[in-house]
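Participant: Got a structure for you, written out below as structure tokens; questions coming shortly.
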Amino acid sequence: MRIRTLVLAAMTGAVGLAAAAQVPAQAQNDQFFPMLVYRTGPYAPSGIPVANGFRDYYTMINERDGGINGVKITFEECETEYNTKLGVECYEKLKNKGSTGATLINPFSTGITYQLIPKASVDQVPILSMGYGRTAAADGRYFPWVFNFPTTYWSQASAFVSYVGQQEGGMDKLKGKKIAHVFHNSAYGKEANPTLEALAAKYGFEFTGLAVDHPGQEQKATWLQVRRLKPDWIFMSGWGVMNQVAIKEAAAINYPMDHFVGNWWSGSEADVIPAGDGSKGYKSAAFHGAGTGWQVHKDILKYVYGGDEAKAKANNMGEVLYNRTVVNAMFGVEAVRTAQAKFGNKAMTGEQVRWGLENFDLTEARLKELGMEGFTRPVKVSCEDHETGGPIVIQQWDGKTWNVASDWISPIREVVRPMVVAAAEAYAKENNITAQSCN
Amino acid sequence: MIYREAGQFKTSYAGDQRVFPILQDRWCVAAAILFAYAIPLLANEYWLQAVLIPFLIFALAAIGLNLLTGYCGQVSLGTGGFMAVGGYMTYKITTNIPDINIIVVFLIAGLCAALVGLVFGLPSLRIKGFYLAVATLAAQFFIGWILNKVGWFYNYNASGTITAPPREMFGIVVTGPHASAEVRYLVALSLVIVFALVAKNLVRGKVGRAWMAIRDKDIAAEIIGIRPLQTKLLAFTISSFYCGVAGAMTVFLWLGSAETEAFDIFLSFNILFMVIIGGLGSILGSFLGAAFITLVPVFLTNAPLMIGLSMPIDMQKHIEVMLFGSLIIFFLIVEPNGLARLWQITKEKLRLWPFPY
């Protein structure tokens, strides 16, 4: 009894101690990037390369250039398990760290982005939700603190329809075709539905949405529906373990893989390898190149891994999601640089980084300097347009690597943009937000 | 010695039947409430937003489930579903009729959840134990599905996410992004205190005794004149009302926006665990259980950093999960009746102190 009481007392004390202690913030001149990661849980297959990409790019900038114009980058990871509640906790924990607070936040989860959008403007932390999150945030007048360039779910869905049109031999051939959308039944997965519905009405194809519930390990019912429906094309918005299960199921029912196109979150190595040969020919969207053929990869190899290629590979270098986060980390760093050009070479505050993002202009020449020429596309953000409607490529899996399988395909902006503006206005009305002036 | 109620004579029936019959208890509760109101002076935003507000909300939901499971003996896995009803209905009502005071909206949404709970409680007359758990599991999935499926619940927006709009009370913003963590904490605290006292009051009276009679032996209860259907349905209704209000608070005072995934089956499990670890059939146990489930993971996440140990974040998370699991097992072995029972044992010991036997 005595020992038991003692142990209990010790535990109570320990919990109390946690309340008292807080990790002290660093006081030096540094640019702090909070990192919400998910290295565990059902979304870890997607989360690990994402986290490694950010970490490696920031480390490389510190090692190679000594930081951003002399300001060291610091970062800290916080595990969210892709769970929105933990994401909010992590955000609260990290937002005031570093000498100027969080530079900007990359939630890498649409659910968490939704949570943070209302808070971020109050806390003055810009959100860079690169190609995910709330599409309506592309209207910068109502969402001054949220940036989702280079392109959004809605733009992507419209580009997918363009691509199908190309493959079928013209947009007029879409009439009467059946297109299905297999989506993660969450805010993220549903994003593309209104666009696809609008385009179905415009081009006369038949659209069916097939929801897969979180986390997506069980999809037999969905694919039974696919067998019954026999769609000509399938578009997928999946994430984590859902992707590999879907690809396996599609292979199991002998669905023609080259008519199965994932969005950019449904096309990484971890998604296709488990299905083995069955996944050969599977396609997905992307807005950056595949592989390790660029100068930026050589720099990461040299400065982060000391030339140890096996170790870099083990840390996912060159994988699709890794490359994507290299692009994302680069956007963040370049936004800080843009801000520094105006406010001076010191650690930037959230407010200043927001300015940097709003005046973000990544040119072809700058990409070349960064060793990313042809890796991704130039981006120019404006006050109204936080998305820029950038084009996408379709990449295809050949059983070993991802290869680019199309030209850059532009979204159908005349359909998407009015929908973005309408959605942003509806959100603003519901939440009493007044538009910022963009003149 | 410290905790002796000797000498506290009751001279009236009312005095004998008070919610807290012992003087020390009254003082403790009053002190705890005062301390809780003083917390915003001590805690920073992280603690209020990420730890204390969720603790209060889970405590309220756990009280709700405890009324049903702990007092009335009806196992329910539908807690998450009933909370979702509360959250979504609050959103629906306040976006359509913005003029109603947000607290009133919470209560109306709670009533909606109560109605849904009533419907899903109907099978409880016929099915018992594990089978009832499965029936309420249907509530969990059905409610989640329908809230996701029918656009009316989320005003037909593209993503199905509901966002808490800014609402004011007496000129102070209490919900939405501009509401400070302190205000939201105080609102949540006040609601939880009121509802906890109501629950405490409920379980000592006729209603609570009828529930306990049903829990202990339903046939015997029926023979002494307790009507099982009405009693069980009342338990389902009141429990769902509590859960509904907790769900509304989840969206409006804690997360700010939510989708049905925020109210998934794991939430139902978590709240059931809180009730079991805290103590079935104890209001205090609901608080202790909620504290255990919300505070311990936060402590375990921050502990390695505090002692200056740096390790990869994924390893840290795995260790946290393992430690948390073993702590649950440890506590259940030490005291299968929950933390509330431990407190009761402590009280007995304090009564004899310093001469234990």
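The values are calculated or read from the model by the stated rules, or taken from the named source; none is laboratory data. Source: prediction; values computed, not measured. Here the Cβ is made from the backbone with ideal geometry for all residues, glycine too, and neighbour counts use every protein chain on show.
Participant: State yes or no: is A:ASN62 among the polar types (S, T, N, Q), surrounded by fewer than 24 Cβ atoms within 10 Å (Cβ to Cβ) and closer than 21 Å to A:PRO42 by Cβ?
Facilitator: On the way: among the polar types (S, T, N, Q): yes; surrounded by fewer than 24 Cβ atoms within 10 Å (Cβ to Cβ): yes; closer than 21 Å to A:PRO42 by Cβ: no.
It is false that A:ASN62 is among the polar types (S, T, N, Q), surrounded by fewer than 24 Cβ atoms within 10 Å (Cβ to Cβ) and closer than 21 Å to A:PRO42 by Cβ.
Participant: Moving to a separate point now. Name every residue in region A:110-125 that is among the polar types (S, T, N, Q) and under 18 Å from the mean Cα position of the chain (by Cα), in order of residue number.
Facilitator: Looking only at region A:110-125, we keep the residues that are among the polar types (S, T, N, Q), and these are A:110, A:113, A:115, A:121, A:124.
A:THR110, A:THR113, A:GLN115, listed by residue number.
Participant: Identify the residue in region A:188-199 that is small (Gly, Ala, Ser) and not in a loop (DSSP other than H, G, I, E, B) and, among all such residues, is nearest to A:ALA159 (Cα to Cα). Let's see the steps before the verdict.
Facilitator: Filtering region A:188-199 down to residues small (Gly, Ala, Ser) leaves A:189, A:192, A:198.
This time we only want the ones that are not in a loop (DSSP other than H, G, I, E, B), so: A:189, A:198.
Working: A:GLY189: 17, A:ALA198: 13 Å.
Only one residue fits best here, namely A:ALA198.
Participant: What helices (runs of 4 or more DSSP H) completely inside region A:200-314 contain at least 1 residues that are free of Cβ contacts under 8 Å to residues at least 24 places away in the same chain and in contact with a Phe, Trp or Tyr (Cβ under 6 Å, 6 or more places away or on another chain)? Steps first, please.
Facilitator: Working: elements: A:220-229, A:241-252, A:269-272, A:295-303, A:309-314.
Correct list: A:309-314.
Participant: So B:LEU267 fits all but one of (1) within 15 Å of the chain's Cα centre (by Cα); (2) not basic (Lys, Arg); (3) not in a helix (DSSP H, G or I); what number is the exception?
Facilitator: With (1) within 15 Å of the chain's Cα centre (by Cα); (2) not basic (Lys, Arg); (3) not in a helix (DSSP H, G or I) applied to B:LEU267, the lone miss is (3).
Participant: Here are some residues: A:LYS85, A:LYS177, A:LYS190. Which one is surrounded by fewer than 24 Cβ atoms within 10 Å (Cβ to Cβ), modelled with pLDDT under 90 and basic (Lys, Arg)?
Facilitator: On the way: A:LYS177 fails: modelled with pLDDT under 90; A:LYS190 fails: surrounded by fewer than 24 Cβ atoms within 10 Å (Cβ to Cβ).
Going through A:LYS85, A:LYS177, A:LYS190 in turn, just one is surrounded by fewer than 24 Cβ atoms within 10 Å (Cβ to Cβ), modelled with pLDDT under 90 and basic (Lys, Arg): A:LYS85.
Participant: Let me ask another. Keeping to region A:352-374, report how many residues are touching a residue at least 60 places away in the same chain (Cβ under 8 Å) and either among the small types (Gly, Ala, Ser) or not in a helix (DSSP H, G or I) (or both). Write out each step before concluding.
Facilitator: Looking only at region A:352-374, we keep the residues that are touching a residue at least 60 places away in the same chain (Cβ under 8 Å), and these are A:353-354, A:357-358, A:360, A:370-374.
Those still in the list that are either among the small types (Gly, Ala, Ser) or not in a helix (DSSP H, G or I) (or both) too: A:360, A:370-374.
Adding up the residues that qualify gives 6.
Participant: For B:GLY160, only one of the following conditions fails: (1) of a type outside the set (D, E, K, R); (2) modelled with pLDDT of 85 or more; (3) buried (at least 17 other Cβ atoms within 10 Å of the Cβ). What is its number?
Facilitator: (2)
Participant: Can you spot a residue in region B:104-117 that is modelled with pLDDT of 90 or more, part of a helix (DSSP H, G or I), of a type outside the set (Phe, Trp, Tyr) and touching a strand residue (DSSP E or B) at 6+ places or on another chain (Cβ under 9 Å)?
Facilitator: First pass over region B:104-117, keeping only residues modelled with pLDDT of 90 or more: B:104-117.
Cutting the leftovers down to part of a helix (DSSP H, G or I) gives us B:104-117.
When the remaining residues are screened for being of a type outside the set (Phe, Trp, Tyr), the result is B:104-105, B:107-117.
Within this subset, residues satisfying the condition of being touching a strand residue (DSSP E or B) at 6+ places or on another chain (Cβ under 9 Å) are B:105.
Within region B:104-117, one or more residues are modelled with pLDDT of 90 or more, part of a helix (DSSP H, G or I), of a type outside the set (Phe, Trp, Tyr) and touching a strand residue (DSSP E or B) at 6+ places or on another chain (Cβ under 9 Å).
Participant: Kindly indicate whether A:GLY318 is crowded, with 18+ Cβ neighbours inside 10 Å, assigned by TED's automatic domain parsing to the domain that holds A:GLY53 and at positive phi.
Facilitator: Details: crowded, with 18+ Cβ neighbours inside 10 Å: yes; assigned by TED's automatic domain parsing to the domain that holds A:GLY53: yes; at positive phi: yes.
So A:GLY318 fits the description; yes.
Residue by residue, here is whether (1) free of Cβ contacts under 8 Å to residues at least 40 places away in the same chain; (2) acidic (Asp, Glu); (3) closer than 24 Å to A:GLY189 by Cβ holds:
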{"site": "B:PHE142", "(1), (2), (3)": "no, no, yes"}
{"site": "B:ASN148", "(1), (2), (3)": "no, no, yes"}
{"site": "B:GLY151", "(1), (2), (3)": "yes, no, yes"}
{"site": "B:TYR154", "(1), (2), (3)": "no, no, yes"}
{"site": "B:ALA158", "(1), (2), (3)": "yes, no, yes"}
{"site": "B:ILE162", "(1), (2), (3)": "no, no, yes"}
{"site": "B:VAL174", "(1), (2), (3)": "no, no, no"}
{"site": "B:PRO177", "(1), (2), (3)": "no, no, no"}
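Participant: Related question: For region B:117-151, give me each residue that is within 19 Å of B:GLU261 (Cβ to Cβ) and either away from every other protein chain (no Cβ under 12 Å) or in contact with a His (Cβ under 9 Å, 6 or more places away or on another chain) (or both). Write out each step before concluding.
Facilitator: Here is the first cut: in region B:117-151, the ones within 19 Å of B:GLU261 (Cβ to Cβ) are B:137-151.
Within region B:117-151, B:LEU137, B:ALA138, B:ALA139, B:GLN140, B:PHE142, B:ILE143, B:ILE146, B:VAL150 qualify.
Participant: Still on this structure: Of the residues A:GLY47, A:GLY41, only one is at positive phi, of a type outside the set (A, V, I, L, M, F, W, C) and either without any contact (Cβ under 8 Å) to a residue 12 or more places away in the chain or touching a Phe, Trp or Tyr at 6+ places or on another chain (Cβ under 8 Å) (or both); which?
Facilitator: Only one candidate passes the filter, namely A:GLY41.
Participant: Still on this structure, please answer the following. How many residues, within region A:423-436, are touching a residue at least 60 places away in the same chain (Cβ under 8 Å) and more than 16 Å from A:THR135 (Cβ to Cβ)?
Facilitator: 4
Participant: From the set of residues in region A:236-278 that are under 24 Å from the mean Cα position of the chain (by Cα) and among the aromatic types (Phe, Trp, Tyr), which is modelled with the lowest pLDDT?
Facilitator: Checked region A:236-278; the qualifying residue modelled with the lowest pLDDT is A:TRP239.
Participant: May I pose another question? Specify the residue that is farthest from the other protein chains (Cβ to nearest Cβ); the eligible residues are those in region A:394-438 that are in a strand (DSSP E or B) and modelled with pLDDT of 90 or more.
Facilitator: Taking region A:394-438 first, the residues in a strand (DSSP E or B) are A:394-397, A:402-404, A:409.
From what's left, modelled with pLDDT of 90 or more: A:394-397, A:409.
Details: A:ILE394: 24, A:GLN395: 26, A:GLN396: 29, A:TRP397: 27, A:ILE409: 22 Å.
Per the criteria, the residue is A:GLN396.
Participant: So, one more: Considering region A:379-409 alone, what residues qualify as being in the same structural domain as A:SER129 (by TED's automatic domain parsing) and over 18 Å from A:GLN156 (Cβ atoms)?
Facilitator: Result: A:LYS380, A:SER382, A:CYS383, A:GLU384.
Participant: Checking the structure you have, find out if any residue of region B:273-293 is farther than 30 Å from B:LYS149 by Cα, within 12 Å of chain A (Cβ to nearest Cβ) and of a type in the set (Phe, Trp, Tyr).
Facilitator: yes
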